[in-house]
């Protein structure tokens, strides 16, 4: 993140823009707010509501963080200017996470109102993936509840990792190209790094215990994309 990027512990971020791993069970929020005073206040309030908050002071910082981090939701403070709404539209076009707008009037309301909006948004099911339960070998995935078990033990996946797994499971054995995954995750307007999908697939494989050389669940079709092993 840029020099103004902060986490809820109040420390400055001068190195990587990645979102630090939150405490267990915390929802990760990327807060896009250029006004440092408002950003610090809202980050503190959301932190008190048990969210893990990372601040992006600009659209460019938010896009950079989205490439490396994996927030559950993006909050965009649009203020009272048209450029705030335009920024909101651009971020919505490239985001996999839910994007929620926050106005100056919202900032004056009790923080629990915003907390409820965030939690309600995250209850929406994933687009284009049915709510079925999938069991393959030692892996048990419940799409509706987002629960993943490996040999009976829970596996903690980020939102993007879970989306990739769910999309592959919806078409078992069928090859899904990198471009198709990219469009499903971030939309056709995505302008990020082409390797981003591969990075998330690598994280997913590691959590599923897949051997990179001979993966069991997420298989690479060289030069094309990925498929779920049957």
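The values are calculated or read from the model by the stated rules, or taken from the named source; none is laboratory data. Here the structure is a predicted model, which means the values were calculated and not measured. Ideal geometry is used to build each Cβ from the backbone, glycine not excepted, and the neighbour counts take in all protein chains shown.
Which of (1) within 19 Å of residue 98 (Cα to Cα); (2) at pLDDT 85 or above does residue 190 not meet, given it meets every other one?
All conditions are met except number (2).
Can you tell me which residues in the stretch 207-223 are touching a residue at least 24 places away in the same chain (Cβ under 8 Å) and part of a loop (DSSP other than H, G, I, E, B)?
Those that are touching a residue at least 24 places away in the same chain (Cβ under 8 Å) and part of a loop (DSSP other than H, G, I, E, B): 209, 216, 217.
So in the stretch 196-214, with the set limited to residues that are surrounded by fewer than 18 Cβ atoms within 10 Å (Cβ to Cβ) and touching a helix residue (DSSP H, G or I) at 6+ places or on another chain (Cβ under 9 Å), which one is modelled with the lowest pLDDT?
Within the stretch 196-214, the match that is modelled with the lowest pLDDT is 212.
Which condition from (1) under 19 Å from residue 210 (Cβ atoms); (2) at pLDDT 85 or above; (3) not in a helix (DSSP H, G or I) is the one that residue 160 breaks?
Residue 160 satisfies every listed condition except (3).
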